[in-house]
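K.L.:
Sharing a structure with you now.
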4 protein chains.
Amino acid sequence: MSVQQPKEKIPVGILGATGTVGQRFIQLLDSHPYFVVAAVGASERSAGKLYSDAASRSWKQITTIPAAVGSLTVQKCAPENFTSCRVIFSGLDSDVAGEIETAFLKAEFAVFSNAKNHRMDPVVPLMVPLVNAHHLDIIPHQRSLHNLQKGFLVTNANCSTTGLVVPLKALQDAFGPLSRVIVTTMQAISGAGYPGVPSLDILGNIVPYISGEEEKLEIEAAKILGGLSTNATAFVEAPDMKVSASCNRVPVIDGHTESVFVEFKNRPAPSIEQVTEVLKSYVSEAQKIGAPTAPEHVIEVATLPDRPQPRLDINAGNGNAVVVGRVRECNIFDVKFTLLSHNTILGAAGSSILNAEVAVAKGLIV
Amino acid sequence: MSVQQPKEKIPVGILGATGTVGQRFIQLLDSHPYFVVAAVGASERSAGKLYSDAASRSWKQITTIPAAVGSLTVQKCAPENFTSCRVIFSGLDSDVAGEIETAFLKAEFAVFSNAKNHRMDPVVPLMVPLVNAHHLDIIPHQRSLHNLQKGFLVTNANCSTTGLVVPLKALQDAFGPLSRVIVTTMQAISGAGYPGVPSLDILGNIVPYISGEEEKLEIEAAKILGGLSTNATAFVEAPDMKVSASCNRVPVIDGHTESVFVEFKNRPAPSIEQVTEVLKSYVSEAQKIGAPTAPEHVIEVATLPDRPQPRLDINAGNGNAVVVGRVRECNIFDVKFTLLSHNTILGAAGSSILNAEVAVAKGLIV
Amino acid sequence: MSVQQPKEKIPVGILGATGTVGQRFIQLLDSHPYFVVAAVGASERSAGKLYSDAASRSWKQITTIPAAVGSLTVQKCAPENFTSCRVIFSGLDSDVAGEIETAFLKAEFAVFSNAKNHRMDPVVPLMVPLVNAHHLDIIPHQRSLHNLQKGFLVTNANCSTTGLVVPLKALQDAFGPLSRVIVTTMQAISGAGYPGVPSLDILGNIVPYISGEEEKLEIEAAKILGGLSTNATAFVEAPDMKVSASCNRVPVIDGHTESVFVEFKNRPAPSIEQVTEVLKSYVSEAQKIGAPTAPEHVIEVATLPDRPQPRLDINAGNGNAVVVGRVRECNIFDVKFTLLSHNTILGAAGSSILNAEVAVAKGLIV
Amino acid sequence: MSVQQPKEKIPVGILGATGTVGQRFIQLLDSHPYFVVAAVGASERSAGKLYSDAASRSWKQITTIPAAVGSLTVQKCAPENFTSCRVIFSGLDSDVAGEIETAFLKAEFAVFSNAKNHRMDPVVPLMVPLVNAHHLDIIPHQRSLHNLQKGFLVTNANCSTTGLVVPLKALQDAFGPLSRVIVTTMQAISGAGYPGVPSLDILGNIVPYISGEEEKLEIEAAKILGGLSTNATAFVEAPDMKVSASCNRVPVIDGHTESVFVEFKNRPAPSIEQVTEVLKSYVSEAQKIGAPTAPEHVIEVATLPDRPQPRLDINAGNGNAVVVGRVRECNIFDVKFTLLSHNTILGAAGSSILNAEVAVAKGLIV
């Protein structure tokens, strides 16, 4: 595979730049080898201010605002304000993301979105970079449908879906289709943005409900783990796989933990040793293609019995790896395990960036 | 059924009285209509001290030590020190509970144990008072085997098992056998006793492992939900029911939350409305028999979508009820729901006390 | 003193009834011996709905909505909707409390307010019921100024002030004026209402700032600890006492903890034993007058070195007592200690109710 | 000043290597420009095992065990097992640190200790590297007293003292002696080691007591902020300065927050602007001397009103800076502010390492 690397850094714009996901984009893109933040967009309330002024109070990252971004003037989220950019990373909320992202697509930007609005669009990849980078092959068809030369739109998945599909992909590749997956999530508060979850609701507490989350988990996994039609014009859902989810909010800052129970379609099912080995040795296309932020080990398999834990394992692969532990037999399905993923890195901004790195490598950013 | 109530209060002894479960016994027995604490036992280190001195630093209840108990002298846990008592509540740790409880049994005490040691004994009831009070019918057989006149031993279940089997029992009674139950628990730190879980392990964190817990859940449920042989000399496991569990520790003080997925054996499965109605209207034998701390509603079905929550619902039925919420269809099994139970009341001391109330009502405490 | 008790329960109205303080009023007034909730008021959005419908999602108390209140129809906060009531408890936010409370005052209601708006009004008592019940003697003057027959307005203090002034009053009564008080607070999240503090700001964190809080502590204490002019027409500030505060938000649900350093004006300063004895034996006018929710011991002095703690001591006196611990010498001032008070009971709704009980006893509610 | 840098890395040994402070040493020394871990010591229970085996379960850092250290065999803490080392970093508990550290001193090692045992020794520097590096000038006298050629012993201060004395030193240097300092601390759980604080004691709670902590704060500050006698044979306490402390444990993982009230001896006291400017511009000897882990800005002055916060500011200066915020007038003393320091980096292992870097620069490590 001929991998393409940019000769000079590609200017990118961040939509929703003052929000939680937007802040992560800015943090993760600081000193990025491919991309440089050239414009930031936010709501009318922030537009016209310096980013450092608009974001200082709401900035909730443990690193400070990069000086170069702090000195940018916040723009309204309209394509004409981002002409210096070739790539757009969108951290917009779903209540506004639909129309704005479409406008940037039509204006020939390469758009990488975190919002749910376009995820189930039949020609838009719902792409977890460590899982289904090949879904990018639909981009020529997407462009032709929209009469575009350079522009295209890629979405990444819901944060709890993202962590789940990585080990499922490894297992599916090695052992054939999965028939049934039951998952209970314990999701971090950062997944709800800022101000997000009131402290009175979650301090010393569990909230057993996240609106719309279980439906996303149950629907998105089938698209991501599915394939492309032979002429690369349509997605084909993973056949026969059913997912049932129960989603909970827990008092953790970053890191979604998921208890997963998996049944394979093919008999005999693999042994626990085989499953463990396959998880450990899984290599994604993003790694093969040389995406710079792809983790060295996509899946880290914990050896201690009480891991993964958000507090100790959240930075695996700089937040872009999935940590799997407690791989063991299930006396109902075939195998059960616990996984942890970083919901605002791999589960949000980190995935978008990795998706863009893959798109660069595949020559799609022109 | 002729219910028996004690004419005067029955003197009881508490073993492991300075520990977390022992403290709950003392708290819950304050002003109890049947029982009065007449003796307290603990390790050699505490023996000989006033209870108020021995327990003051380790007392972690939000109510103060009842004065009458505070003035008792702590005894070593030997039957000869408890001759004033007819009933023994044991909150001993499993590393010492086995032999000590056996000694009290042989000394003709009615022993109600929280420890795991005797739970799977073929003639010892593993009794969740809101579920299988009829298992007490094995006591005559237990006595005859041990050549006892008055003594007997009843255990209550592991805290996470206890919460689970209550709604399962309601469903089984109404709709026939359950075939498969998958459960992920989110368990409170008080379940580990004191000092228990180090704060560095759980503050803002999830620990996806509790030693031995999943095995208990998977094994105990079948005994509790099973029946008795016709001559009341043996327990018969719930046939065909498989349970698979994934247990997690969460930063919650009191209250185990469980995400449950249930499949019925009989087709067609009941509707969500039928399941909900059956949970709401479930009445246990403990209620019928007039046990004073049996909750008015054994199962409270939450109507708000984000409930039950430990912080808001933990006191349902004074800690002896189970709150079930989010009863909904499962696209793999038949129904899924979330339950909450108080792990140190219904899941420990409260169950033991309720078991003893039932035993009084059935004329077993003589 | 001839104490007056109501012959039949006095109908009361709650303003801001769906908010955090309003909910506490409703919870604490359930089965109150003097008062019965006859009307509930809230914003236009809630007006016209049943209280149980308007408040069900925002109800964050561990007890359920009392049935009698749940079936009331929520009113707009205007006097004409509360004609069945003689007493008004206001849990309104300060952005609307000023005008609305004045309207109720002018309409001849006895108004008890939690808001800051009227606290420093020269004829309005700023009254901590366990401290300065005698400030009610200004009510005749207040009525005459406003040409009122029955109506009057009493405010209670800021939550962090309330806990502080109780032991300060005991010390001042026994040992004369205090000259300097330095206090650092560690305040619970419930003090900020709901949704209040975002969880991302406070989980595993400390926020060293609460807007306006230090100023309130520094100003209010002097009015509360001060006296009345001889003709009962003006308040006289505690002379010479200076208070300097540093206020912090901590991840605690209920209960403000305060580290206090105190210097007396008179030399020699009392000994630690004298200070401790005076705190323990302090009796407030509210107790003497027989207010039903006045705690038996206004100040509980903890004997264990690591107390008071919010989790263990918050319910002292049903939330209306102050727990003081660690009374010890200060090598700069004279004495230092730690106090804990329940910020939404004694620090808010509980104080208002106690104030009203005192007003009943003094014959002011007609 | 002629600064000395090591030509090749200096081999160091870690005592108490499996404990919380020991782990921090190992983490912070990974890739250190001066030092390389050559030996690790722990209790008999761990001795003889590979460090990776001995420490894997207790390792509570967010980074993994460096491979080179993991492959070392754990030694008993005796000088003969550390002959390959020239410098010893001790993270031993105070119950064993006294004798062991003395043995290493006598065996001619340069010992840097975190324990309290030798802190008040009249010839042992109690050294906060950003404050009193000049106290190292006593080492020749220390050596002569103990008849040593190369060996010496330096202690660092208690974690809560360390954060406090940094801004106090800046103020003292600029404005003359401080007369009175009142401080209330809110200290992180990591300060108590592992297992340390039980979660039942601190989750959603405040514990207003840390054994011995207030005494350390009140005593150590005077030694650190004091000087050396002219012949460098004795320490001279900061005259006239009194410190009074109230210490609290809070549910924060890392980072001690302190509310500080300061009175200067000289009149007129500096303005808030002068104080702020002096804090911002403070430069320590460790920086001047080129210590590689000395932060660029020793004191960062926060500009937002609600800072510093442990969650957001804990990594300032890679954990070796102090963040000061809310510098404002005190109406009793002269100025009050809030500070934050990293209790296991600057407050423990980081200070020891910085102290050793300074000793290298001063030519003391031979």
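K.L.:
For all pairs of alpha-carbon atoms in the range D:159-342, what percent lies in each bin of width 5 Å, listed from the first bin to the last filled one?
P.N.:
1, 8, 16, 20, 20, 17, 10, 5, 2, 0, 0
K.L.:
So how much slack lies between C:Ile272 and C:His141, counting 0.36 nm per residue of separation and subtracting their Cα-Cα distance, in nm?
P.N.:
Going from the current span to full extension adds 43.1 nm.
K.L.:
Taking every DSSP beta bridge that has both residues in chain D, what percent is antiparallel when rounded to the nearest 5?
P.N.:
Around 45 percent of the beta bridges assigned by DSSP in chain D are antiparallel ones.
K.L.:
The range D:213-243 to the range A:301-349: how many Å between their Cα centroids?
P.N.:
Their Cα centres are 50 Å away from one another.
K.L.:
If we count other beta carbons within 10 Å of each Cβ, what is the order of D:Cys247, B:Cys77, fewest first?
P.N.:
D:Cys247, B:Cys77
K.L.:
Can you figure out the FRET efficiency of A:Ser229 with A:Ser43, using R₀ = 41 Å and their beta-carbon distance, to the nearest 0.05?
P.N.:
The calculated FRET efficiency here is 0.55.
K.L.:
Per DSSP H run of at least 4 residues, take -39500 (n - 2.57); add these up for the protein assembly as shown, divide by its residues and hand me the 222 nm value, nearest 500 deg cm²/dmol.
P.N.:
-8000 deg cm²/dmol
K.L.:
For a test of the definition: using alpha carbon positions, the gyration tensor, and the 1.5 limit on a/c, classify the protein assembly as shown as rounded, prolate or oblate.
P.N.:
rounded
K.L.:
Which order do the peptides D:149-155, A:22-28, D:209-215, C:336-342 take when ranked by the mean count of other beta-carbon atoms within 10 Å per residue, highest first?
P.N.:
Highest-to-lowest ranking by the protection proxy: C:336-342, A:22-28, D:149-155, D:209-215.
K.L.:
Can you list residues from other chains, or at least 5 along the same chain, whose modelled amide H is less than 5 Å from the amide H of D:Leu228?
P.N.:
D:Val236
K.L.:
Between copies, how close do the A:Asp93 label points come, placed 7 Å along Cα→Cβ, listed in nm from shortest?
P.N.:
Between copies, matching label points for A:Asp93 lie 1.6, 5.1, 5.1 nm apart.
K.L.:
Another question, if that's okay. Just tell me how shielded A:283-294 is by partners: mean number of partner chain Cβ atoms within 10 Å of each residue's Cβ, no decimals.
P.N.:
The shielding value for this peptide is 0.
K.L.:
Next question. Grab the residue from chain C whose Cβ hugs the C-to-A rotation axis most tightly, plus its distance in whole angstrom.
P.N.:
C:Ser199, 2
K.L.:
Ordered shortest first, which distances in nm separate the 7 Å Cα→C-beta label point of A:Glu329 from those of the other copies?
P.N.:
Result for A:Glu329, in nm, nearest copy first: 3.5, 6.9, 7.6.
K.L.:
Give me D for chain C in µm² s⁻¹, whole number, from Stokes-Einstein with Rh from the Kirkwood sum over alpha-carbon pairs, 37 °C and 0.692 mPa s.
P.N.:
160
K.L.:
Also: How many angstrom lie between the Cα centre of the range C:36-89 and the Cα centre of the range A:1-64?
P.N.:
47
K.L.:
Let's see if you can work this out: charge +1 on each Lys and Arg Cβ, -1 on each Asp and Glu Cβ, no other charges. What is the dipole magnitude of the protein assembly as shown about its Cα centre, in debye to the nearest 20?
P.N.:
Roughly 0 debye, rounded to the nearest 20.
K.L.:
D:Ala174 to D:Ser94: FRET efficiency via 1/(1 + (r/R0)^6), r the Cβ-Cβ distance, R0 41 Å, to the nearest 0.05?
P.N.:
0.75
K.L.:
Sticking with this one: Given a cut-off of under 8 Å on Cα pairs at least six residues apart, what relative contact order in percent is computed for the range C:160-341?
P.N.:
With pairs under 8 Å counted, the relative contact order is 27 percent.
K.L.:
Determine, from the Cβ-Cβ distance of B:Glu80 and B:Asp53 and an R0 of 30 Å, the FRET efficiency 1/(1 + (r/R0)^6), rounded to the nearest 0.05.
P.N.:
Between B:Glu80 and B:Asp53 the formula returns 0.85.
K.L.:
May I pose another question? Quick check on the range D:89-162: take the gyration tensor over C-alpha atoms, sort the square-rooted eigenvalues as a ≥ b ≥ c, and tell me if it's rounded (a/c under 1.5), prolate or oblate.
P.N.:
Oblate is the answer for the range D:89-162, as a/c is 1.5 or above yet b/c matches or exceeds a/b.
K.L.:
B:Ser281 to B:Lys150: extension gain in nm, 0.36 nm per residue of separation minus the Cα-Cα distance?
P.N.:
This chain segment gains 43.6 nm when fully extended.
K.L.:
Distances from B:Glu237 to the same position in the other copies: list them in nm, one decimal, shortest first, using label points 7 Å from Cα along Cα→Cβ.
P.N.:
Reported distances to equivalent positions: 3.7, 7.2, 7.8 nm.
K.L.:
How charged is the neighbourhood of D:Ser211? Take every other residue with its Cβ under 15 Å from the Cβ of D:Ser211, and add Lys/Arg as +1 and Asp/Glu as -1.
P.N.:
-1
K.L.:
Among rounded, prolate and oblate, which fits the range A:258-310 when a ≥ b ≥ c are the square roots of the eigenvalues of its C-alpha gyration tensor, a/c under 1.5 means rounded, and a/b larger than b/c means prolate?
P.N.:
oblate
K.L.:
Counting C-alpha atoms alone, how compact is the range A:148-237: give Rg to one decimal and Dmax as a whole number, in angstrom.
P.N.:
Using the Cα atoms of the range A:148-237, the pair Rg, Dmax is 16.8, 53 Å.
K.L.:
With both bridge residues required to lie in the range B:159-342, what share of the DSSP beta bridges run antiparallel, to the nearest 5%?
P.N.:
The answer is about 70 percent antiparallel.
K.L.:
Also, quick follow-up: Explain nothing, just the number: relative contact order of chain A, from Cα pairs under 8 Å at least 6 residues apart, as a whole percent.
P.N.:
18 percent.
K.L.:
For C:243-256, what's the mean count of beta carbons from other chains sitting within 10 Å of each residue's beta carbon?
P.N.:
Mean inter-chain Cβ contacts per residue within 10 Å come to 6.
K.L.:
I want the local charge near C:Met120. Using Cβ-Cβ distances under 15 Å, sum +1 for each Lys or Arg and -1 for each Asp or Glu among the other residues.
P.N.:
-2
K.L.:
What is the sum of charges around D:Arg326, taking Lys and Arg as +1, Asp and Glu as -1, for the other residues whose C-beta is under 14 Å from the C-beta of D:Arg326?
P.N.:
Taking every Cβ under 14 Å from that of D:Arg326, the sum is -4.
Every number here is computed from the coordinates shown, using simple stated rules; none is lab data. Not measured: the values here are computed from a predicted model. Counting neighbours? That spans all protein chains shown, and the Cβs are built from the backbone with ideal geometry, glycine included.
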